[in-house]
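Let me begin by presenting the structure, written as structure tokens, before commenting on it.
The values are calculated or read from the model by the stated rules, or taken from the named source; none is laboratory data. Every value quoted in this text rests on a predicted model; they were computed, and no experiment measured them. Note that each Cβ is placed from the backbone with ideal geometry, even for glycine, and that neighbours are counted across all protein chains shown. The accessibility values were calculated without ligands, DNA or RNA, using every heavy atom of the protein model including side chains. Shrake-Rupley method; radii C 1.70, N 1.55, O 1.52, S 1.80 Å.
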Amino acid sequence: MRSDIIHSVMPQSIRVSIETLGCKLNQAESETLARQLIALGCRIVPPSEQQDVYILNTCTVTHIADRKVRHLLRLVKRRNPRVFAVAIGCYANRAQVLSSELKIDLVLGNDAKQNLPEIIRESFALSCEGKQVLTLSRTRAFVKVQDGCNGHCSYCIVPLVRGSEKSVPVQDVLSEIRKRVEEGYREVVLTGTEIGLYSADGQEIKGLLRQILSETAIERMRVSSLQPHEITPELIALWCNPRLCQHFHISLQSGADSVLRRMRRAYNTTGYRSALALIKKSIPQAAITTDIIVGFPGETDDEFQQTVDFCRGAAFARIHVFPYSARPKTEAAAMQDQVSTVVKKERVRIMLALAKEEAEAFRLRFIDYDLPVLWEQCKDGVLSGYSSQYNRVYADGGECLPNTISYVKLLRVYKDGLWGEIINDEQGK
């Protein structure tokens, strides 16, 4: 977790660091945990500072994530042998041996991590007396609306570590968003394992979005990820409201139908293209980002080329590329024709080059556009923030402060985003 999200200014508190690996759902859960610990009298500090408690919210979606978990836990104990080290989340859910192997103090999987605040309270004899003062230094909050998955993708370990689908009640979602608005947040990101499968209190994802728009004052809202078959005209019609950010993340994984069948994905490339066409027709400026897995078992050169060709024609704003990683107890891990590491590395290289090319082409589309930007930080006199399309935008800081919204004329590609000139901020300058 980026510990600048929230921090307490009380100097005599138990110092807690929270680091987060993986998805936006993990980030949402870490933010909630931070708020709970602050309410108990803890002080959230960056991992680089001295701490009494270190919490790692883990990911296990790839072997690289597993390796990073183990590295961070070894590192924290090496730096501070006396720290109370805790592993929670998805890797912890399937690797209870962590406590003995890495000498950490507590391992809590997804089914038990909600008990952590009470465990820390009892372990450190914390009381809730005294008023905490909170300082916000971020502008986006992650709000969990759904968890778990009933799907059976052949490569995915998520159902094994997150369990079956469950959705947060509508009123709980609305209440949390209202609290974030009161704290000063301008934008929320709705997160979940399969957010498009939201179902609570008789509402699906469309109904939830409608209620958030009508019953809260949040200024901008993002939907973290959807599946192509969930993209319907009724859903997309909601984006006529400018408070819904024009950014859709829709995992493709492969551009070859034969691979998608082996992956047991719930769509094919024809359905995916239909979803793209609907979004582009209804919201021409929308950014569409995706995930690609290369080197899935049995992936031939021709199947890989189909993925390259699909991505080149889709005009994605961003492509996240992952080499296939065998996960324990998944169907794909036992498949024949596992692709060699050498081949996977070369295919990753090719896809990353294409991803860079497509990202630059997408940014170039916005030169000379005037778009609202929510500024997140100012460093060395340069503001940075995000447009509705999730393009990172930079501008001369001047007197404009983070957590404000400005209209910006986008002038040129700059670093990983665009450089612009502020033409109107909230004060009408």
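Across the range 329-339, which residue is farthest from Leu160 (Cα to Cα) among those that are loosely packed, with under 12 Cβ neighbours inside 10 Å and touching a residue at least 40 places away in the same chain (Cβ under 8 Å)?
Asp337
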The range 265-290 - residue that is under 25 Å from Gly417 (Cα atoms) and of a type in the set (Val, Ile, Thr) and, of those, surrounded by the most Cβ atoms within 10 Å (Cβ to Cβ): Thr290
Residue match in the range 356-364 (condition: touching a Lys or Arg at 6+ places or on another chain (Cβ under 7 Å) and closer than 24 Å to Thr289 by Cβ): yes
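If only one of Thr270, Thr193 is closer than 30 Å to Gln338 by Cα and free of Cβ contacts under 8 Å to residues at least 40 places away in the same chain, which one is it?
Thr270
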Boolean, Leu401 is open to solvent by 30 Å² or more (accessible area, probe 1.4 Å) and modelled with pLDDT under 95: yes
Members of the range 242-264 that are open to solvent by 40 Å² or more (accessible area, probe 1.4 Å) and either more than 23 Å from the chain's Cα centre (by Cα) or of a type in the set (D, E, K, R) (or both): Arg243, Asp257, Arg261, Arg262, Arg264
Criterion (assigned to a loop (DSSP other than H, G, I, E, B) and small (Gly, Ala, Ser)) met by exactly one of Gly420, Gly398, Gly385: Gly398
Any chance Thr216 is within 28 Å of Gln377 (Cβ to Cβ), touching a strand residue (DSSP E or B) at 6+ places or on another chain (Cβ under 9 Å), in contact (Cβ under 8 Å) with a residue 60 or more places away in the chain and among the polar types (S, T, N, Q): no
Qualifying positions in the range 404-429 - among the aliphatic types (A, V, I, L, M) and either touching a helix residue (DSSP H, G or I) at 6+ places or on another chain (Cβ under 7 Å) or open to solvent by less than 10 Å² (accessible area, probe 1.4 Å) (or both): Val408, Leu410, Val413, Leu418
Qualifying residue in the range 313-320 (condition: assigned to a loop (DSSP other than H, G, I, E, B) and out of contact with any Phe, Trp or Tyr (no Cβ under 6 Å at 6 or more places or on another chain)): yes
Residue identified as among the polar types (S, T, N, Q), surrounded by fewer than 20 Cβ atoms within 10 Å (Cβ to Cβ) and either more than 19 Å from Ser17 (Cβ to Cβ) or at pLDDT 95 or above (or both) among Ser167, Ser154, Ser123: Ser154
Verdict on Ile293 being surrounded by 22 or more Cβ atoms within 10 Å (Cβ to Cβ), touching a Phe, Trp or Tyr at 6+ places or on another chain (Cβ under 6 Å), among the β-branched types (Val, Ile, Thr) and farther than 13 Å from Ala314 by Cβ: yes
Number of the exception - Leu354 against (1) in a strand (DSSP E or B); (2) open to solvent by less than 90 Å² (accessible area, probe 1.4 Å): (1)
Near pairs, Cβ below 6 angstrom, 6+ apart or cross-chain, from the range 395-421 (within 12 Å of Leu374 (Cβ to Cβ)) to any residue that is surrounded by fewer than 16 Cβ atoms within 10 Å (Cβ to Cβ) and modelled with pLDDT of 95 or more: Tyr407/Asp370
Counted residues, the range 207-228 - those being more than 15 Å from Tyr185 (Cα to Cα), within 21 Å of the chain's Cα centre (by Cα) and not hydrophobic (A, V, I, L, M, F, W, C): 4
Residue tally, condition open to solvent by 20 Å² or more (accessible area, probe 1.4 Å) and either at pLDDT 95 or above or over 15 Å from the mean Cα position of the chain (by Cα) (or both), over the range 1-20: 10
Any pair with Cβ under 7 angstrom, 6 or more apart, that starts in the range 346-373 at a residue that is free of Cβ contacts under 8 Å to residues at least 60 places away in the same chain and ends at one that is of a type in the set (Asp, Glu) and surrounded by 18 or more Cβ atoms within 10 Å (Cβ to Cβ): none
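Please work out if Val382 is buried (at least 16 other Cβ atoms within 10 Å of the Cβ) and either among the aliphatic types (A, V, I, L, M) or free of Cβ contacts under 8 Å to residues at least 24 places away in the same chain (or both).
Spelling it out, it is not the case that Val382 is buried (at least 16 other Cβ atoms within 10 Å of the Cβ) and either among the aliphatic types (A, V, I, L, M) or free of Cβ contacts under 8 Å to residues at least 24 places away in the same chain (or both).
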Ser387 among the polar types (S, T, N, Q), crowded, with 20+ Cβ neighbours inside 10 Å and free of Cβ contacts under 8 Å to residues at least 60 places away in the same chain: yes
